[in-house]
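Reading through the structure tokens given below for one structure.
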Amino acid sequence: MKELSFQDFVKEVLKRAEYKKGKDGDCIIAIASDLPGCMTQGDNFEEARENLIDAIELWITSALRDGETIPTVKGHTLFMARTKPSVAGRKVAYA
């Protein structure tokens, strides 16, 4: 598996996104099918895509905060910096 940076992982999820017209044809629905429940909409494709980028970033951030597992996307995982115990009262990140 290849580890990707946050932004590259978002791009990978975005590559597999699905877009469809709303029921009344008045909006575009954008779905990140690799992230359960991650969807949004916009007045047009461009707006729906921009909104989906925000939704993907929020989904990942919320999952990390809540200690949930981030799914693997086409053999790619999100690179996670690990932290060591605090040194002189500070946490130290390492790769």
As a test of the definition: which semi-axes, in Å, follow for the range 1-86 when you take the square root of five times each eigenvalue of its alpha carbon gyration tensor? Largest first, please. 28, 13, 10
Placed amide H near residue 77: partners under 5 Å, 5+ positions off or other chain: 2, 3, 4
Taking 30 Å as R0, compute the FRET efficiency from the Cβ-Cβ separation of residue 77 and residue 29 and round it to 0.05. 0.65
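Nearest 0.05, what FRET efficiency do residue 50 and residue 3 give at R0 = 30 Å with Cβ-Cβ as r? Before the final figure, lay out the partial values.
On the way: r = 26 Å, r/R0 = 0.87.
About 0.70, to the nearest 0.05.
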Phi-derived 3J(HN,Hα) across the range 37-52 with the Karplus relation (6.51, -1.76, 1.60, θ = phi - 60°), rounded Hz, x for Gly and Pro, is x, 8, 7, 7, 8, x, 5, 8, 4, 4, 5, 4, 5, 4, 5, 5
5 Å is the cut-off here: which amide hydrogens, built 1.01 Å from N in the peptide plane, fall below it relative to residue 38, excluding neighbours closer than 5 in sequence? 32
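No lab work stands behind these numbers, since they all come straight from the coordinates. As the structure is a prediction and not an experimental result, all values here were calculated from the model. All Cβ positions, glycine included, derive from the backbone under ideal geometry; neighbour counts span all protein chains shown.
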